[in-house]
Each structure stands twice: as C-alpha cells, then as structure tokens.
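Inspection log for the structure reproduced underneath, given as structure tokens.
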Amino acid sequence: MSAFPALGFDPAPGDAAEVGRLGRETARVAGELHDLDRELQRLGSVGTAWRGAAGECFRDAVGELPVHLRRAEDSFAAAARALSTWGDLLADLQVEARAAERAAADALSRLRAARARAAEVPSGGADPSAWVAAEQDAARAVREFEADLE
C-alpha cells in the first residue's frame, strides 16, 4: 500500500538520510584524497632533493599520480556537494509531499461526502433544487480536489 493513497503516488521518493550519509562519506573520501596528495607533495619535495638513482626512481614511480589525485579529489568533492544539496532538497520535498497528501486526503474526503449527499437526494423527487444543489456541491468538491493535486 502506498504511503500516499490520496495522491496515488509518492511525489518525493527516496531516503534523504541515506543521501546525506552518502554525501558525507563521499566528502570523507575527498578529504582522504586531499591528504594523500599533500603527503605525496611533501614526499616529492624531499624527492627533488634526492640525487641519483633513488630520486629518479621516486619521480618515475610517482609520475602523473598527483594530477590524478587532484582530479579524483575534485570529482569526489563535487559529488559530495551535489549529494548534500540533493539530500537537503529531498528532505524539503518530502515535507511538502506529506502536506500535499494531507490536503489531497482532506479534499478527497470532502468529495466523497459531497457525492454521498448527492446520491441520497432523489433525482426525480419533489424538490429538484436539492438534487441540483447536491450535484453542484459534488462538482465543486471535484474542482477543489483537482486544484489540491496541482
């Protein structure tokens, strides 16, 4: 059964807390990549002072790794920001979705009550104005229900 029976669908699906957790984990990885890059830079500054085969071996082994570490850090940091933004927005949208569900449920209740009143009034009875009023009441409830869904 849907958590949004009046609306008939979940307008903001997802787990905002899990998105936030994933954003924090992604930011943590970006931080670790940053720390690795700084450590490699520190070792590299020592490596430039190295002379001979050891220094050359170190520089050859490191190669383009610092460039790739910075790119990875930037990518993870951007992903973390996007996830954090999405998690916050999703949480806000879910609050709005619950409010929309309550409004739709109220409108649906009014619609059902108006239809029930209209069904109780005989269409060929002595007072046709009561039937017309009940039908107009039901039509108004339908319009209100549709307006609440927009």
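With the condition kept exactly as written, say whether any residue in region 87-99 is open to solvent by less than 60 Å² (accessible area, probe 1.4 Å), within 30 Å of V142 (Cβ to Cβ) and without any contact (Cβ under 8 Å) to a residue 12 or more places away in the chain.
Scanning region 87-99 turns up at least one residue that is open to solvent by less than 60 Å² (accessible area, probe 1.4 Å), within 30 Å of V142 (Cβ to Cβ) and without any contact (Cβ under 8 Å) to a residue 12 or more places away in the chain.
In region 101-126, which residues are at pLDDT 90 or above and buried (at least 17 other Cβ atoms within 10 Å of the Cβ)?
E101
Which residue pairs have Cβ atoms closer than 9 Å, lie 6 or more positions apart in sequence or on different chains, and pair a first residue in region 1-25 that is more than 16 Å from A91 (Cβ to Cβ) and touching a residue at least 24 places away in the same chain (Cβ under 8 Å) with a second residue that is open to solvent by 60 Å² or more (accessible area, probe 1.4 Å) and basic (K, R)?
F4/R98; A6/R102
Output the residue which, of all residues in region 4-30 that are over 30 Å from A103 (Cα atoms), open to solvent by 30 Å² or more (accessible area, probe 1.4 Å) and not aliphatic (A, V, I, L, M), is nearest to the chain's Cα centre (by Cα).
R21
In this structure, is D137 loosely packed, with under 12 Cβ neighbours inside 10 Å, over 30 Å from D10 (Cβ atoms), at pLDDT below 80 and not hydrophobic (A, V, I, L, M, F, W, C)?
When the stated conditions are applied, D137 does not pass them.
Restricting to region 42-75, give me the number of residues that are farther than 22 Å from E32 by Cβ, modelled with pLDDT under 75 and surrounded by 13 or more Cβ atoms within 10 Å (Cβ to Cβ).
Residues flagged as farther than 22 Å from E32 by Cβ, modelled with pLDDT under 75 and surrounded by 13 or more Cβ atoms within 10 Å (Cβ to Cβ) within region 42-75 amount to 1.
The values are calculated or read from the model by the stated rules, or taken from the named source; none is laboratory data. Computed from a predicted model, the values in this text were never measured in an experiment. A quick note on method: Cβ atoms are made from the backbone with ideal geometry, for glycine too, and the neighbour counts reach across all protein chains shown. Only protein heavy atoms, including side chains, enter the accessible area calculation; ligands, DNA and RNA are left aside. Shrake-Rupley method; radii C 1.70, N 1.55, O 1.52, S 1.80 Å.
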